[in-house]
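Student: Take a look at the following structure, please.
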Amino acid sequence: MRAKNVSIDFLKSKFPILAKLIDFNILQEELLDDIKGKLYSFSDLTEILVYLIEEKILDENKLKSFFVDYLSIKPYIKEQISKNIDDKLLSSIPFHYMEKKKFFPVVLNKDCVQIVALNPIDKDILHQLAFLGFKNIDTMVGTLSEIEQGLESLVVSDFDQMILDTDFDSDIEEEIKDSEEINLREALAEAEEAPIVKATRIIILNAVKMGASDIHIEPMEKEIRVRYRIDGILRTYQKLPASVKEAIIARYKIMSNLDIAEKRLPQDGRIRVKIDGKPIDLRVSTIPTVYGEKIVMRIQDAESYTGLKLEDLGFEKDDLEKVRKAIYEPWGMILVTGPTGSGKTTTLYTVLMERNKEDVNIVTAEDPVEVSIQGINQVHIKEKIGLTFAEALRAFLRQDPDIILVGEIRDPETADISIKAALTGHLVFSTLHTNDAPSSITRLLNIGVEKFLVATAVNMIIAQRLVRKLCNKCKVPADFPDKFWLEMGLTEEDIKEANFFVHNPKGCEHCNYTGYKGRTAVHEVLDIDPTIRKMILEEKTEDDIREYARKKGVRTLYENGLSKVKKGITDIAEIERVLMR
């Protein structure tokens, strides 16, 4: 539920263009009134215009005509433009910034810059281009469709020159397995050429330097797109010509010891590189697509897991005490729930690192093993040969374990053995894909676990999500009225104590011009007490359990997110993006 009954005058005063669009009957005020709660979460006019166009509330052609007629800005007419772009200069403008601010250059040289923008009065764009050293900047207005087509056309045309112009500021080397050398000798000739080798290394190096979690190499009809997932957001960072597609893909398959000749079936492999002497593992997955094989590489930095403590995970003080108490119980089950990419593995590895002592026998069943941890016995599940979670669990019970980690409870058999292990003197950790903590109980019952087993075995359920943190170098104070915060769910006391900030739309160099830097987790920690155990046995609904938990003082994910907004760790736009009330 979003903000309601907040005067739209605040939006008009913050973004005067919206008022003018209403005056010119290009926007209907009553339509804005219906979605103003959403609009409050934006701090940038360009974001609002894109949202209104995509929701079909604002006509892109009428918006373009408005800027032309009202502000006398020159319209972009593709047929009348002769493009003149210096590729080397183009590479100095971050592509994700152009994509975010919805503009692209049509003329770019040392004497003149001419851009087409959806919001031609966006001063952030002009300031950014001036900061990059460009002068004589001229702006035209285009529709969102024209901007997106223009961005699609920005493919690096001189690939070899781009590679030659790029210098490494770090040492990077591949760690090649002995069995891989045969593949190297038999590899495609293009994949061994120096520019291709350098390009594939640059893509990995840049991703690691920028803190990306995943690299996507995606073949398209006329280009190959390189995207990085940074702080949970996937953005395009490079577009390369289609002519290098096969060589780039072949090179990565060589590095990960995959079959170069097999292009019809998905394959999985691993790459290990050293950057400045530090080992970095990449889990590689390929799938065949219409335009060729797509490669996704998950970057796995062991230090990012093993160097963390529970205090680093974003738990509130009282929740941290509950979690720490639960992980030192002698037996029972602790579940961490959330969708893919919500940080479940990081939380579980951090817990295991805290319990990883000489007198504790820890065994894990994972698919796949994300990071190898000294002192823990980790098993990689291989269902093709019959090594399933259930089979691994049966074997674990004969290995005298103190703590068992089951990567994921997927089926009745795994659930049943895990629960029984928790009841026979073992502490069991596992994950589920559910929306919140109470629904995890329903999920276990639906899988087929007996209610008395669930009620007896489960000690704690932790639901979590990841939200981006504000960049401390460029975040700006929030200027929303108190009424807005009250309707977001905060109290008057919260507002007095709070230190509200929002992200800077133009960002800074420190945060790659996004306004956010890093992520933290928000949690819902449900301690299974005797009352909840009784409610499970009495077959109470998850809504009943949820209501009891709220009365008991358990914070929902949204409420936990608001507490981080109060502290200035993140902003309301990010909470609205990730969480539901």
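Student: Given 0.36 nm per residue, what is the gain on full extension from residue 566 to residue 424 after removing their alpha carbon distance, in nm? Before the final figure, lay out the partial values.
Tutor: On the way: separation 142, 0.36 × 142 = 51.12 nm, distance 4.34 nm.
Residue separation times 0.36 nm, minus the Cα-Cα distance, leaves 46.8 nm.
Student: Beta carbons within 10 angstrom, averaged per residue: use that to sort the peptides 276-282, 91-97, highest first. Walk me through the intermediate numbers first.
Tutor: Details: 276-282: 15.4, 91-97: 17.1.
My ranking of the peptides, most packed first, is 91-97, 276-282.
Student: Then there's this: Tell me, what is the 1.4 Å probe accessible area of residue 563, in Å² to the nearest 10?
Tutor: Rounded to the nearest 10, the figure is 20 Å².
Student: Still on this structure: Normalised by the residues of region 347-432, what does the relative contact order come to in percent, with Cα pairs under 8 Å and at least six apart? All intermediate terms of the calculation are to be shown ahead of the outcome.
Tutor: On the way: 120 pairs, mean separation 23.6, N = 86.
Answer for region 347-432 is 27 percent.
Student: What number comes out for accessible area per residue over region 401-476 if the probe is 1.4 Å? Units Å², please. Display every interim value, and only then the final one.
Tutor: Numbers: 2540 Å² over 76 residues.
It amounts to 33 Å² per residue over region 401-476.
Student: In region 204-297, which chymotrypsin sites (Phe, Trp or Tyr not before Pro) are in a loop and have at most 16 other Cβ atoms within 10 Å, using DSSP for the loop call? Provide the component values of the computation, followed by the final result.
Tutor: Working: sites: 228, 237, 252, 291; in loops: 291.
Here the chymotrypsin sites (Phe, Trp or Tyr not before Pro) that fit, given the DSSP loop and packing criteria, are 291.
Student: Let me ask you something else. If you average the C-alpha positions of region 114-144 and of region 304-350 separately, how far apart do those two centres end up, in angstrom?
Tutor: Here the answer is 46 Å between Cα centres.
Student: What ³J(HN,Hα) values, in whole Hz, does the Karplus curve 6.51 cos²θ - 1.76 cosθ + 1.60 give for region 438-455 when θ = phi - 60°, with x put for Gly and Pro?
Tutor: With the stated coefficients, region 438-455 comes to x, 5, 5, 5, 4, 4, 4, 5, 5, 5, x, 6, 5, 4, 5, 6, 4, 4 Hz.
Student: Also, quick follow-up: Quote the accessible area belonging to residue 259 in square angstrom, nearest 10, computed with a 1.4 Å probe and with ligands, DNA and RNA left uncounted.
Tutor: Ignoring ligands and nucleic acids, residue 259 comes out at about 80 Å².
Student: Given the whole protein assembly as supplied and a 1.4 Å probe, what does the accessible area of residue 153 come to in Å², nearest 10?
Tutor: 60 Å²
Student: Classify the chain as rounded, prolate or oblate, taking a ≥ b ≥ c as the square roots of the eigenvalues of its Cα gyration tensor: rounded when a/c is under 1.5, otherwise prolate if a/b is larger than b/c and oblate if not.
Tutor: Details: a/c = 2.33, a/b = 1.24, b/c = 1.87.
Cα axes put the chain in the oblate bin.
Student: Additional query: Taking all protein chains as present, what is the carbon and sulfur share of the accessible area of the chain, in % to the nearest whole number, probe 1.4 Å? Each step should come with its number before you reach the end.
Tutor: Values: 13030 of 27020 Å².
Accessible surface attributable to carbon and sulfur in the chain totals 48 percent.
Student: Please name whichever of 328, 280, 315 sits farthest to the positive end of the charge dipole of region 265-332, dipole taken about the Cα centre and charges placed at Cβ: Lys and Arg +1, Asp and Glu -1.
Tutor: Selected residue: 280.
Student: From Cα pairs below 8 angstrom and at least 6 apart in sequence, can you work out the relative contact order of the chain, rounded to a whole percent?
Tutor: Values: 968 pairs, mean separation 59.4, N = 581.
For the chain, the relative contact order is 10 percent.
Student: What does DSSP give for the chain in terms of the percent of beta bridges that are antiparallel, rounded to the nearest 5? Please list the in-between numbers first.
Tutor: On the way: 58 of 89 bridges.
Around 65 percent antiparallel, to the nearest 5.
Student: Between residue 410 and residues 5 or more places away or on another chain, which pairs have amide H atoms under 5 Å apart, with H built 1.01 Å from N, and which residues are they?
Tutor: Amide H to amide H, under 5 Å and 5 or more residues apart or across chains, residue 410 pairs with 415.
Student: Say the cut-off is 26 Å between C-alpha atoms; which of 64/473; 83/135; 344/506; 101/253; 322/420 go over it?
Tutor: Working: 64/473 35 Å; 83/135 18 Å; 344/506 31 Å; 101/253 35 Å; 322/420 23 Å.
64/473; 344/506; 101/253, as the Cα separations exceed 26 Å there.
The values are calculated or read from the model by the stated rules, or taken from the named source; none is laboratory data. These numbers were taken from a predicted model, which means no experiment stands behind them. FYI the Cβ positions are ideal-geometry reconstructions off the backbone, even for glycines, and counts take in every protein chain you see. When the accessible area is computed, the model is the full protein with side chains, heavy atoms only, and any ligands, DNA or RNA have been set aside. Shrake-Rupley method; radii C 1.70, N 1.55, O 1.52, S 1.80 Å.
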